[in-house]
Amino acid sequence: MDLESAISNNSIAQNKIGFCFQTGKDRVRKNIPRAFKWYLKSAITGCAEGQYNAGYCYEFGKGTNKNEIKAFEWYLESAENGYVMSQIHVGSCYEHGKGTNKNEIKAFKWYLKSAENGDVKSQSYVGYCYLKGYGIDKNEAKAFEWYLKSAENGDAMSQSNVGYCYDHGIGTDKDETKAIEWYTKSAIIGCAEGQYNLGYCYENGKGTDKNEIEAFKWYTKAAENGDSVAQNNLGDCYKYGKGTDKDEKKAFEWYLKSAGKGYKMGQNNLGYCYEHGLGLEKNENKATEWFTKAAKSGDAVAQNNLSKFKYGIKIAIKDLL
C-alpha cells in the first residue's frame, strides 16, 4: 500500500519507503542510492522530514554526491516547514559556513527556533550564544536560563554548565552546594566535563568536604573519557599519592595523554618527567621539547623551567621560542 501511495505522490509514504531502503526494514534490501531517490521525491512533494533526509544525504554523500549547497537548501526548506532537526542543521550551517556564508545572527536565530520547539541540544547552544555574545548581545542571565532548561531536560553538558554557573555566579547567585548537585547529575550520566568539575570540587572542598579518594575516582572517569585537564590532574594524583598510591609510571602515562591533547600544564609536567626521570629514563632533549611546547602555549611555569634548564649552559627563553 505504501508503494502505491508513493507512486501517487504521497510525500509521507515516499519518505517511509526511503527509510526502508536506508535501514533494510520491512524485508526491503538495504540500498542507499534508492533511499536517496525516495527521500528526494518526498522532499520535492513537500514532506518536511523528507526534505531533512534529502539534505542529510547531500551533506554526507549518502546515495549521491556530496553537495553542501544542496544540503543547506533542503535543510532550510525543511526548517521553514517547522522540522526541528532541520532548524538545528540550518543553525549549524550558518555557524560553520557549510553550503552558505557564515552568519552568526542567522545561526542564533535558527538555534533559538529549535530551542523554543523543545530541542535539548539547541537549548544548550542558545545558552552558549548568550554566554559568549554569539549572534546576540551577551546576557549571562539568559545564558543560565537556557542552560537550566536544557539541563532539566537531561542534557549532561548543560548540567555541567549549570553547575559552573552556580560555581562562579554566572547569571545567577553563586551557590557551591547547587553547583556540586548539578556536577554530580552530569558526572553520573557520563559527561567528562561534569566528572572533571566534580573531581575538582572534591579535591578542593567546594560545596562539599574535601575527599581525595572521591576526587581521584572522578578524575579517573573524566580522564578515561578524554578530558585533558582531568588527565593532567590524574597524573598529579599518581605523582603525589593523592587519593591513591604513588605511581610515577602512571603519573607519566597520564601526563603524556594530557600533553598529547595540547593541554599546556600537561606538557609542562611531561617535560618535568623527562627532566627528572619521573616514571621513565631522563631525556633532556624530550624535556626541552615539551617545556618549549608548553611555554609557547603561554604556561608561565614552563617558561620559567625553560629559563632554568641547562645543557651545560643556560638557555634563554627567547632562543627556544
## Note on the structure
Listed by first then second residue, the pairs whose first member lies in region 172-193 and is closer than 16 Å to residue 205 by Cβ, whose partner is outside any helix (DSSP H, G or I), with beta carbons under 6 Å and at least 6 positions apart or on separate chains, are 176/206; 176/207; 177/207; 179/207; 180/207; 180/208
### Summary
Heads up, the helices (runs of 4 or more DSSP H) in region 204-321 (entirely inside) with at least 3 residues that are of a type in the set (Phe, Trp, Tyr) and either at pLDDT 95 or above or surrounded by fewer than 16 Cβ atoms within 10 Å (Cβ to Cβ) (or both) are 212-224, 248-260
### Task
Answer yes if at least one residue in region 164-182 is of a type outside the set (Lys, Arg) and touching a Leu at 6+ places or on another chain (Cβ under 6 Å), and no otherwise.
no
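Hey, can you tell me all the residues within region 292-311 that are without any contact (Cβ under 8 Å) to a residue 24 or more places away in the chain and either small (Gly, Ala, Ser) or out of contact with any strand residue (DSSP E or B) (no Cβ under 8 Å at 6 or more places or on another chain) (or both)?
Residues satisfying the conditions are 300, 303, 304, 306, 307, 310.
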### Query
Quick check, is residue 69 more than 30 Å from residue 142 (Cα to Cα) and surrounded by fewer than 16 Cβ atoms within 10 Å (Cβ to Cβ)?
yes
#### Entry: Which numbered condition residue 193 misses (of (1) farther than 30 Å from residue 271 by Cα; (2) within 18 Å of the chain's Cα centre (by Cα); (3) part of a helix (DSSP H, G or I))
(1)
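The values are calculated or read from the model by the stated rules, or taken from the named source; none is laboratory data. As the structure is a prediction and not an experimental result, all values here were calculated from the model. As a convention, Cβ positions derive from the backbone with ideal geometry for all residues, glycine included, and neighbour counts pool all protein chains shown.
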